[in-house]
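These notes concern the structure reproduced below.
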Amino acid sequence: MAELVREELSALAAIFCGPHEWEVLSRSETDGTVFRIHTKAEGFMDADIPLELVFHLPVNYPSCLPGISVNSERLTRAQCVTVKEKLLEQAESLMSEPMVHELVLWIQQNLRHILNQPETGSGNEECTFSTSTTMDDGLWITLLHLDHMRAKTKYVKTVEKWASDLRLTGRLMFMGKIILILLQGDRNNLKEYLILQKTSKVDVDSSGKKCKEKMISVLFETKVQTEHKRFLAFEVKEYSALDELQKEFETAGLKKIFSEFVLALVK
């Protein structure tokens, strides 16, 4: 981890030192650092809006933008997505320098103005998305592997909702004990999906308590190539045999991915 990032994390921990204001969720030499900040910002009628901001600092940050996820019990999902997009736009002007505290201060000062904009002020649950991307143009595809689902019905509904909210297409695939999620869409939205997947309580543990997903792995990620099929929707599918699952991958132009990553899960 770069000294500049260490200093920023230390400063953030000192600034957000109140109960539950700051939490480091993960650290990795290859994936960077993910942490959560709980704060408040002024919204409608001068009322404080609680915000949960999750930042993912990749290993080459601040030379690249951080991943950002926004959640609030007082905002719709569409409003949270819009706030995230505005934060990423602001982050572009702060590139190459530590920016997280600046971004938190900026959203505290500007949330009310963002919510007053026509597309976010109605409270409509339907998400609106910009046709432009903040970091990477074009479609990306990623393949995730889940170890298990204990609360399957609730888990599946949550995955479907996230895919819909983030405008991702693809497949949630079950074959025996194998669980795969194939996602296609804007790279920033794929990154936010991963943040949601890793930081939300989507399943239950062996005692029935809600828990976060700790047994997820990214098997593959790449920009969509010409041979790859464009998925038109997100579907949940069950397969009774390995050849059915293989056919799904071959139809999608992902035969090599199946051979390299999926077959290894069967052995």
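The values are calculated or read from the model by the stated rules, or taken from the named source; none is laboratory data. Just so it is clear, the structure is predicted and the values come from calculations on it, not from any experiment. Cβ atoms come from the backbone with ideal geometry, glycine included; neighbour counts cover every protein chain shown. These area figures cover heavy atoms from the full protein model, side chains too; ligands, DNA and RNA do not enter into them. Shrake-Rupley method; radii C 1.70, N 1.55, O 1.52, S 1.80 Å.
Values for this structure:
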| read-out | value |
| --- | --- |
| Close pairs from the stretch 94-117: first closer than 20 Å to THR33 by Cβ, partner open to solvent by 40 Å² or more (accessible area, probe 1.4 Å) and not in a helix (DSSP H, G or I), Cβ under 8 Å, at least 6 apart | MET95/SER63; SER96/SER63; GLU102/LEU94; LEU103/LEU94 |
| Strands (runs of 3 or more DSSP E) fully within the stretch 112-205 counting 2 or more residues that are surrounded by 12 or more Cβ atoms within 10 Å (Cβ to Cβ) and modelled with pLDDT of 80 or more | 139-146, 169-175, 178-186 |
| The stretch 222-250, residues that are of a type outside the set (A, V, I, L, M, F, W, C) and modelled with pLDDT of 90 or more | GLU235, LYS237, GLU238, TYR239, SER240, ASP243, GLU244, GLN246, LYS247, GLU248, GLU250 |
| Residue check for SER93: open to solvent by 50 Å² or more (accessible area, probe 1.4 Å), over 21 Å from ASP31 (Cβ atoms) and of a type in the set (S, T, N, Q) | yes |
| Exclusive hit being surrounded by 13 or more Cβ atoms within 10 Å (Cβ to Cβ), without any contact (Cβ under 8 Å) to a residue 24 or more places away in the chain and over 17 Å from the mean Cα position of the chain (by Cα), set GLU8, GLU21, GLU3 | GLU21 |
| Top-ranked residue of the stretch 251-267 - restricted to ones that are in contact with a His (Cβ under 9 Å, 6 or more places away or on another chain) and open to solvent by 50 Å² or more (accessible area, probe 1.4 Å), ranked as farthest from LEU146 (Cα to Cα) | PHE261 |
| Restricting the stretch 35-57 to residues that are closer than 23 Å to ALA163 by Cβ and free of Cβ contacts under 8 Å to residues at least 60 places away in the same chain, the residue that is most open to solvent (accessible area, probe 1.4 Å) | GLU52 |
| Near pairs, Cβ below 7 angstrom, 6+ apart or cross-chain, from the stretch 223-250 (more than 25 Å from LYS152 (Cβ to Cβ)) to any residue that is open to solvent by 70 Å² or more (accessible area, probe 1.4 Å) | LYS229/THR251 |
| Residue check, LEU75 within 19 Å of ARG167 (Cα to Cα), among the aliphatic types (A, V, I, L, M) and in a loop (DSSP other than H, G, I, E, B) | yes |
